[in-house]
1. For Val7, state whether it is in contact with a strand residue (DSSP E or B) (Cβ under 8 Å, 6 or more places away or on another chain), surrounded by fewer than 15 Cβ atoms within 10 Å (Cβ to Cβ) and farther than 17 Å from Ala65 by Cα.
2. Of all helices (runs of 4 or more DSSP H) completely enclosed by segment 57-133, which ones contain at least 3 residues that are in contact (Cβ under 8 Å) with a residue 24 or more places away in the chain and under 15 Å from Pro46 (Cα atoms)?
3. From the list Ala87, Ala141, which residue is loosely packed, with under 15 Cβ neighbours inside 10 Å and either at pLDDT below 95 or among the hydroxyl-bearing types (Ser, Thr, Tyr) (or both)?
4. Identify, from the list Asp95, Asp31, Asp135, Asp78, the residue that is of a type outside the set (A, V, I, L, M), within 24 Å of Glu6 (Cβ to Cβ) and at pLDDT 95 or above.
5. Consider Glu37 against the criteria (1) more than 12 Å from the chain's Cα centre (by Cα); (2) touching a residue at least 24 places away in the same chain (Cβ under 8 Å); (3) assigned to a loop (DSSP other than H, G, I, E, B): it satisfies all of them except one. Which criterion is unmet?
6. Give segment 30-56 a look and list any residue that's within 30 Å of Ala125 (Cα to Cα), surrounded by fewer than 17 Cβ atoms within 10 Å (Cβ to Cβ) and of a type outside the set (A, V, I, L, M), or say none.
7. Tell me which of these Ala18 doesn't satisfy, since it passes every other one: (1) crowded, with 17+ Cβ neighbours inside 10 Å; (2) assigned to a loop (DSSP other than H, G, I, E, B); (3) at negative phi.
8. Determine which single condition Ser13 fails, assuming it passes every other condition in (1) more than 23 Å from Gly127 (Cα to Cα); (2) in a helix (DSSP H, G or I).
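The values are calculated or read from the model by the stated rules, or taken from the named source; none is laboratory data. Only a predicted model underlies this, so the values are computations on that prediction, with no experimental measurement involved. Every residue, glycine among them, receives a Cβ derived from its backbone with ideal geometry; neighbour counts consider all protein chains shown.
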Amino acid sequence: MDWTLEVVVLPVSDIDRAVRFYRDQVGFHLDHDTTNEWMHVVQLTPRGSGCSIVIGDLPSQNEMAPGSMRALQLVVADARAARAELASRGVEVSDITVFDERDGGTFFGFADPDGNTWSVQELRARGEKPLIPLDHRTSMAD
């Protein structure tokens, strides 16, 4: 039986500000933004990912302190291009660090407005063989 991680709850202090950051600056796809008399919940997904982040004000989400998530990890085929893309959108990014010259040894990071931190790992193999085939990613975005 497969067990897939599909959602990570991310604690934030301002839902609308977080949506603007993740959608407009980081480039995550806005899957849904649901508001009713009981809650406001938003799901966003990084391009090419099978796992999304969820932000909102449900009681379980309010149990975590905004900014308390550390080192969530994204993987890209080209760290320099990804870093340049984020920087061009106004995201404050760290310098690139090469821990190992082999594939998978290059990283940089950034934080959201609340202080939740992200590590971005370069795995060049993802450019040749993405985890989610391109045809499936295209149909998911529709």
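1. yes
2. Those helices (runs of 4 or more DSSP H) span 79-88.
3. None of the others qualify; the one that does is Ala141.
4. Only one candidate qualifies: Asp31.
5. Only one criterion in (1) more than 12 Å from the chain's Cα centre (by Cα); (2) touching a residue at least 24 places away in the same chain (Cβ under 8 Å); (3) assigned to a loop (DSSP other than H, G, I, E, B) is unmet by Glu37, namely (2).
6. Asp31, Arg47, Gly50, Cys51, listed by residue number.
7. (2)
8. Of (1) more than 23 Å from Gly127 (Cα to Cα); (2) in a helix (DSSP H, G or I), only one is false for Ser13: (2).
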